[in-house]
1. Which value, in debye to the nearest 20, describes the size of the charge dipole of the protein assembly as shown about its Cα centre when Lys and Arg Cβ atoms bear +1, Asp and Glu Cβ atoms bear -1, and nothing else is charged?
2. I want to check the label-to-label distance for B:Lys265 and A:Glu354. Put each point 7 Å from Cα in the C-beta direction and report it in nm to one decimal.
3. Shape verdict for the stretch A:131-223, please, from the Cα gyration tensor: rounded (a/c under 1.5), prolate (a/b greater than b/c) or oblate.
4. In sequence order, what are the phi-derived ³J(HN,Hα) couplings for the stretch A:369-384 according to the Karplus relation 6.51 cos²θ - 1.76 cosθ + 1.60 with θ = phi - 60°, rounded to whole Hz, with x for glycine and proline?
5. Place the label 7 angstrom along Cα→C-beta at B:Asp42 and in each other copy, then list the distances from the first to the rest in nm, shortest first.
6. With 22 Å as the limit, write out which pairs from A:Lys94/A:Lys142; A:Lys226/A:Lys443; B:Lys279/B:Lys324; B:Lys142/B:Lys279; A:Lys279/B:Lys279 have Cα-Cα distances beyond it, or answer none.
7. Considering the options A:Pro304, A:Ile426, A:Ala335, tell which one lies farthest towards the positive end of the dipole of chain A, charges being +1 on Lys and Arg and -1 on Asp and Glu at the Cβ, about the Cα centre.
8. Mean residue ellipticity at 222 nm from the helices of chain A, using -39,500 (n - 2.57) per DSSP H segment of n ≥ 4 over the full residue count, to the nearest 500 deg cm²/dmol?
There are 2 protein chains.
Amino acid sequence: MLLTGTVVADANTVLHDGAVVVSGSRIEAVGEESEVAPQYADHEHRSYDVLLPGLVGGHIHSVQSLGRGIADDTELLDWLFDYILPMEATLSAKEMEIAAKLGYLEMIESGTTTCVDHLSVAHADEAFEAAGEIGIRGVLGKVMMDQRSPDDLLEDTQEALDESERLIREYHGSFDDRIRYAVTPRFAVSCTEECLRGARELADAYDGVRIHTHASENRNEIETVKDDTGMRNIHWLDEVGLTGEDVVLAHCVWTDESEREVLAKTGTHVTHCPSSNMKLASGIAPVWDYLDRGINVALGNDGPPCNNTLDAFTEMRQASLLQKVDRLDPTATPASEIFEMATINGAKAAGFDELGAIREGWRADIIGLSTDLTRATPLHDVLSHLVFAAHGDDVRFTMVDGTVLQDEGNVTTIDAETVRREASEICLDMDLEEARRSAQKQKP
Amino acid sequence: MLLTGTVVADANTVLHDGAVVVSGSRIEAVGEESEVAPQYADHEHRSYDVLLPGLVGGHIHSVQSLGRGIADDTELLDWLFDYILPMEATLSAKEMEIAAKLGYLEMIESGTTTCVDHLSVAHADEAFEAAGEIGIRGVLGKVMMDQRSPDDLLEDTQEALDESERLIREYHGSFDDRIRYAVTPRFAVSCTEECLRGARELADAYDGVRIHTHASENRNEIETVKDDTGMRNIHWLDEVGLTGEDVVLAHCVWTDESEREVLAKTGTHVTHCPSSNMKLASGIAPVWDYLDRGINVALGNDGPPCNNTLDAFTEMRQASLLQKVDRLDPTATPASEIFEMATINGAKAAGFDELGAIREGWRADIIGLSTDLTRATPLHDVLSHLVFAAHGDDVRFTMVDGTVLQDEGNVTTIDAETVRREASEICLDMDLEEARRSAQKQKP
């Protein structure tokens, strides 16, 4: 396929009359339209105002999509124990499938082509199948919770690890290697040492399997880990093997100097989720400091109940604005740095090589946007537009691994109307009372 | 006209199958569709998923629209003296007209029906005419700058006041009283005491004329005012008469206890501009404290060069999230409080009575949104959706004073394509070099 438009190949390379040629799952050529297009005149052709690498959601909860707007403006523990955990405990396999589909649909529509996805304890197969069917690229993992968890979600340690291993064998590298596995302890608070160490063993036993968990999002969390282990959270994760180049830690809001040194030294990836950190009042992550230390920082929307969308453009804008005001420095985290966080840094965190920029030979994950909008007028600087003014709504074309998933604004691999209707119907009937009573027994 | 849908009449009143009847410029009836609609079956009928009061931009720079994206990630003084002031100094009358039209177009498209609009020093007539023609409701004012300003913008004090008075006589109460005047000193730094006192005299001399200025946005600003006057900025404004129920102060980021007491005691309105305060790294305004004291706080986008859009939905989300993380309290500034800031509080700041809610007899400024979107699925809570997930893109219907300005997504009172094309053309030719050299002589 021949794609033409303004090509933002990476944060430093903009071709104003550019062309990209895709062959199979890879990018065959990138260049000026006048040079490239004539050679591929017989190819199927699409033209969009702006073409850019697909965005990467470095920390996503697709299966929480049914809880969008369910518990806004709520205290964190109420949010978690009265709504989110009961919802996760309540959803049937079919409902979890619809929840996952709703999440992947929203990402495909709004330009996220790769996600690092924190599923739930049960019914992970449904999410893997849905991701594979819809065509998104993803590193998914079933959540493990083997202590301090509601009865409906609490697992036996070995069973959690065994189920994770079954899923690795079933899905890691599936769907043409678009779908991979991340061993996913929920967070140190809800996992025993045995579970955390087991996660590391599993990741080491299977080539390319990653580790994905929440870390140091919340001050209560780090207090609890300190009480349990005598250590700061990142030190504890390091102690049990959950740092390193194959590890993605979401949030990292509350870290001290020595923990940041560990993150940098071990090559651990951090996913910054600015909207979630603001909405749940977790705090402001020291992103500028992580970047200064050479830590790879990706961006993530977290889940719809704490965001409330999976629009990665919102997170780009939010990440830049939040660091600027926190540092009282308007030059902090400029558009180019943010664009890298949402593209190539995310690809590195997800562990896919040759992904996150439009380059010859690289994986063909590409999105196309319209800028025929008042909010895009004038267009002094396309990178600035993408970071500060664009929305996921502007995305009209989504390609993953060379396959078109959205064309002229229509998602091609799933019936969007049906997914939305089914999701709405589930929510009308959703009754969390029983699961809530159970979950509240574990509420601190 | 009969309008049906989910009617969010105000922050506490949602009619899930509601109807609104508009007659002339006023709302004739509001109620359940089943009761109201049959009585008005002969009326023209529109149906939208959600109907709500038009949003109010309590601090806007419409004529800065041509500078959208012109100077992102830039130090504040560079931003102002290298880009914004030179641009304002450079624009011709015709260019200022296009700039204003672009701003009003964006607001009408995205659901802002009333704006408190800070124009520029010259060519204010063009903005007044454009606002009147397009049909937005607005409180507009020519900017006054009579000290510490670039030569191209610097005015003689009396001439600035005389020109303001001419504009008051020409436009205050014009276009069926949709357009009103606010005397608009830029800020204390760029205005002499004579100018500031003159602003108060003008506002007192003409019934309904308001005062609108920037205040305490930036730490350098308050230092300069302290050096000039020996007073904190709000005390100085109070001293020269620029506080009171007819005064709108934009920003108020840096205020101390005694200044907040003045704001509360005098009934001065504050417009909070969260995105601008973040992007320019001004700081985080103590909105929760203002609200606790009973100060009326509105919301504003400021100008496209520091936002980068005029989408009021973005500001609702941003305002809530920013207060939550600043207070480390996820219950801070909940959706209902934010919705009031963007509607009825804004109407109060703008000085229009019977505006900012959908009530019988009130002014018919109403917008209609689509929620047939993945990002609006499920729709657990419509108010939460409006504040945390909706975009201006979702607005399909805009009515001001009973007149339809946007219908099924098409703006009816101006040719949007032409405005966008003309705006883009101006920007291609815009040469700020000469004005920049002049402006830089005044750069601190």
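1. 980 debye
2. 7.2 nm
3. Prolate, because a/c is 1.5 or more and a/b exceeds b/c.
4. 10, 8, 10, 7, 9, 4, 5, 9, 10, x, 10, 5, 8, 5, 5, 4
5. Spelled out, the distances from B:Asp42's label point are 6.8 nm.
6. B:Lys142/B:Lys279
7. Ranked along the dipole, the leading option is A:Ala335.
8. -11000 deg cm²/dmol
Values in this text are rule-based calculations from the coordinates and carry no lab data. Here the structure is a predicted model, which means the values were calculated and not measured. So basically every Cβ, Gly included, is an ideal-geometry build from the backbone, and we count neighbours across all protein chains shown.
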